[in-house]
Each structure stands twice: as C-alpha cells, then as structure tokens.
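Novice: Handing you a structure now.
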Amino acid sequence: MPLLFHLLLTLLLWIGSCALAWAVPAERPRLPEPLGYVSDHAQTLDADWKARIRSVCQDLERKTGVEMVVVTVPTVKPFASAQLYAEALYQQWKIGSASEEHGALILLAVAEHQAAITVGKRMVPIFTPEVVAKVGSEYMDQALRMGHFGEGLYRTVVGLAANAQNVRVGPPPRSHMKGLGFLISLLTVVAAVLVLWWISRPDLRHPYGKIRRGEYWGSGQGGFGGNFGGLGGTMGGDGLG
C-alpha cells in the first residue's frame with residue numbers, strides 16, 4: 001500500500017506540473033526597439049552608409065507615404081530564421097501603420113549571415129515575391145558573402161524604392177460626385193423656394209388687374225419674364241446635373 005500511495009502521488013504531481021506548464025504561456029522573445037529608419041543594433045554600419053540608407057528611406061516616405069526601415073541584429077536567436085525574426089519585428093513596430101500596412105522591413109543578421117525582407121499586405125502587389133527575390137539575389141547575396149553589409153543594404157533599399165515610386169499612401173481622394181450631388185441638392189432647394197414664392201404672389205401670376213390700374217410697368221413685365229427664364233435656367237441646371 002505505501003508503494004502504491006507513493007506511485008499515485010508521483011503521478012498526480014507530474015500531471016499537475018504538466019498542466020501548469022501548459023497554462024503558463026511561454027515568454028515572448030524580447031525584440032529590440034526601433035531607432036528610426038536605420039536601427040543598427042549589430043553596430044555593423046558606418047556613418048556614411050547609415051546616412052545614405054536613411055536618405056533613401058526619408059525620400060521614399062515623403063514622396064509616396066511608404067515606410068521602409070533597415071535593421072541589423074547580432075543574431076536571430078531564439079528565432080529559427082531571419083524571416084521569422086523580421087515578421088515579428090514588423091508586427092511589433094507597426095511599420096507602415098497597423099491599419100494600412102504600407103511598409104517594408106529589411107533585416108540583416110550578422111552571426112547567421114542571413115537577410116530577410118518583410119512587406120505589409122498593401123505592398124505585396126508592389127514588392128512581389130519576384131521583385132523581392134530579384135533585389136535580394138542581385139544586391140544582398142554577394143554583400144553577405146563578402147561582408148559588405150552597408151553597401152548591400154543600401155543597394156537593396158534603392159532597388160525596392162525604385163519599384164514604389166508610383167505608390168501614393170493617404171486618405172482616398174474625395175469624390176467629385178459628392179460635390180456635384182451637394183450642388184444639385186442646393187439648386188433644387190433654391191428652385192423649390194422660388195416656385196413657392198411665385199405661387200404665393202397672385203399679383204405676379206395675374207398682373208392684368210394692375211395693368212388696368214396703371215400699377216404694372218411694361219419694364220416690370222419684362223422683368224417677370226426674365227425671372228421666369230432665370231428659374232427655368234436653374235431647373236435646367238438641375239436636370240443636367
């Protein structure tokens with residue numbers, strides 16, 4: 001009996017420890033903080049290459065609204081690859097704004113000699129997999145092999161920016177039809193007011209009594225015709241709208 005009791009107790013403790021391990025989520029890996037367009041956490045870029053990369057990224061965002069950042073890290077650990085690390089950074093830093101996702105992140109891991117490019121959903125039609133693969137193979141692969149990290153990142157940024165020159169990020173342009181609809185509504189209201197005013201003035205609708213009393217000028221009658229023509233013009237404008 002004592003042996004059976006100890007076995008049951010050991011089993012219960014093991015089950016409890018497993019349940020506790022499942023209940024407590026694994027701690028998320030700590031990621032570095034953004035330092036602007038160029039976050040050189042691996043301290044592998046000299047000032048000249050940083051300035052060149054920053055200039056291209058600033059110019060791209062000013063002209064198109066696309067946010068592009070470059071990040072270097074000593075290692076991708078505990079992530080399995082540079083691509084997973086880049087995706088985690090992109091989400092945490094909310095590049096290109098969380099709602100629009102007009103952004104791109106270029107990551108370089110020094111220890112692994114790996115590079116990765118992550119883009120927002122809205123930029124996938126611009127930075128297609130073919131474009132990303134072409135830019136990476138032309139500019140980053142050789143730079144990684146030779147250790148020319150600054151030049152490789154700069155050329156990669158330039159290559160991607162060249163494909164995004166026609167992008168314009170921002171609120172959608174206001175439709176001209178909305179302004180036209182407001183104008184039509186305004187003209188309709190004005191026309192209705194004029195019609196009601198004319199109906200409420202029987203002296204204008206039936207001027208013959210005033211003619212007999214000598215109170216209606218001939219020029220006034222012409223003026224009435226002009227007013228009616230003006231109303232017709234207004235209503236005609238409504239119809240064309």
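Novice: Yes or no: region 151-163 includes at least one residue that is modelled with pLDDT under 95, under 28 Å from the mean Cα position of the chain (by Cα) and among the charged types (D, E, K, R).
Specialist: For region 151-163, residues modelled with pLDDT under 95, under 28 Å from the mean Cα position of the chain (by Cα) and among the charged types (D, E, K, R): absent.
Novice: Does ALA104 meet the test of being small (Gly, Ala, Ser) and either in a strand (DSSP E or B) or touching a Cys at 6+ places or on another chain (Cβ under 7 Å) (or both)?
Specialist: The answer is yes for ALA104.
Novice: I'd like the full set of residues that are in a strand (DSSP E or B) and hydrophobic (A, V, I, L, M, F, W, C), limited to region 109-126.
Specialist: ALA109, ALA115, ALA116, ILE117, VAL119
Novice: In this structure, does VAL132 turn out to be within 22 Å of VAL73 (Cβ to Cβ), in contact with a strand residue (DSSP E or B) (Cβ under 8 Å, 6 or more places away or on another chain), hydrophobic (A, V, I, L, M, F, W, C) and modelled with pLDDT of 95 or more?
Specialist: No.
Novice: Let me confirm something: among GLN142, GLN114, which residue is modelled with pLDDT under 90 and under 23 Å from VAL73 (Cβ atoms)?
Specialist: When all the criteria are applied, what remains is GLN142.
The values are calculated or read from the model by the stated rules, or taken from the named source; none is laboratory data. Predicted model, so just to flag it, every value in this text is computed and none were measured. FYI the Cβ positions are ideal-geometry reconstructions off the backbone, even for glycines, and counts take in every protein chain you see.
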